[in-house]
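One structure is given below, encoded as structure tokens.
The values are calculated or read from the model by the stated rules, or taken from the named source; none is laboratory data. Note that the structure is predicted; figures quoted are calculated from it, not measured. Counting neighbours? That spans all protein chains shown, and the Cβs are built from the backbone with ideal geometry, glycine included. Note: accessible area is taken over every heavy atom of the protein model, side chains too, but ligands, DNA and RNA are not part of it. Shrake-Rupley method; radii C 1.70, N 1.55, O 1.52, S 1.80 Å.
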Amino acid sequence: MRNAASSIGLIALVMVLGCTTTSPVIRDSASEDVVAGSESNLLLAEWVGPYSGLPAFDRMDLRDLEAALEVGMERSLAEIDAIATNPEPPGFENTLVEMQRTGKELDRVFTYYGIWSSNMSSPEFREIQTAMTPKLSDYRSKISGNNALFARIKAVYEDPEYKTLRPDQQRMTWLTYDGFARGGATLTGEAKQRYAEINKRLAEITTRFANNVLHDEESYVTYISKDQLSGLPEAFV
């Protein structure tokens, strides 16, 4: 995804993660169906072509979007859990760097999602967007609310070894720690749950408002005078 570090803030999707092993993920039958068809889902596939690969915008299919998001989130959370439960002591490499290597599939899905949202919005897309918005909010809250993960990030940030890191590594560590803190990671109990609920509600109403505005603008009609019309090139008349 935009890796977890870019992922929390919409949310800044701050920081989604990965390791060599992952914890088992419990799925219901509906989830099994989604995962079963994921291997052929173009939106999850690695890009091919020049410049490290290019998105297949000419072949993307809106019908693949919801399943791709579901699978991308599930796999990213499994990667996050692998980092959070790593038995080795937390360090810059096995925590911060590993976090930057994860969520690649979801990142690819969001590339297509952004095109539909910004340039090709349709009633069909907005229906999917409305259904997925609360799920995406929950997904981000699971990242920022992962106590074990934040404990590792905090340990790296507060370790005396932090001062020995390169300036860019210190900057990355601080941004990650600060992003989680701003995302509610320092909250506990009911306060953390309430924070997640507020974020989820804000995501829902913000999406609804934006889609209502777009729906209204779709009915706009532009009028021009005869004088203005006469001044246009023939191709525009």
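Could you give me the residue pairs with C-beta distances under 8 Å whose first residue belongs to segment 220-237 and is open to solvent by less than 100 Å² (accessible area, probe 1.4 Å), whose second residue is at pLDDT below 75 wherever it lies, and which are 6+ apart or on separate chains? Listed pairs, sorted by first residue: 229/237. Note on segment 146-158: residues that are in a helix (DSSP H, G or I) and either surrounded by fewer than 16 Cβ atoms within 10 Å (Cβ to Cβ) or touching a residue at least 60 places away in the same chain (Cβ under 8 Å) (or both) amount to 9. If you take just the helices (runs of 4 or more DSSP H) that sit entirely in segment 29-145, which of them hold at least 3 residues that are open to solvent by 60 Å² or more (accessible area, probe 1.4 Å) and closer than 29 Å to residue 197 by Cα? Of the helices (runs of 4 or more DSSP H) lying wholly inside segment 29-145, those with at least 3 residues that are open to solvent by 60 Å² or more (accessible area, probe 1.4 Å) and closer than 29 Å to residue 197 by Cα span 29-36, 123-144.
Suppose the filter is touching a residue at least 40 places away in the same chain (Cβ under 8 Å), polar (S, T, N, Q) and either outside any helix (DSSP H, G or I) or open to solvent by less than 70 Å² (accessible area, probe 1.4 Å) (or both); does residue 186 pass it? Answer is no for this residue. The set of residues from segment 165-174 being open to solvent by 80 Å² or more (accessible area, probe 1.4 Å) and assigned to a helix (DSSP H, G or I) comprises 167, 168, 171, 174.
Checking the stated criteria, residue 181 turns out not to satisfy the condition of being open to solvent by less than 60 Å² (accessible area, probe 1.4 Å) and within 22 Å of residue 78 (Cβ to Cβ). Residue pairs whose Cβ atoms lie under 6 Å apart, sitting 6 or more positions apart in sequence or on different chains, and linking a residue in segment 67-83 that is in contact (Cβ under 8 Å) with a residue 40 or more places away in the chain and within 12 Å of residue 139 (Cα to Cα) to a partner that is open to solvent by 30 Å² or more (accessible area, probe 1.4 Å) and of a type in the set (A, V, I, L, M), are 70/34; 78/25.
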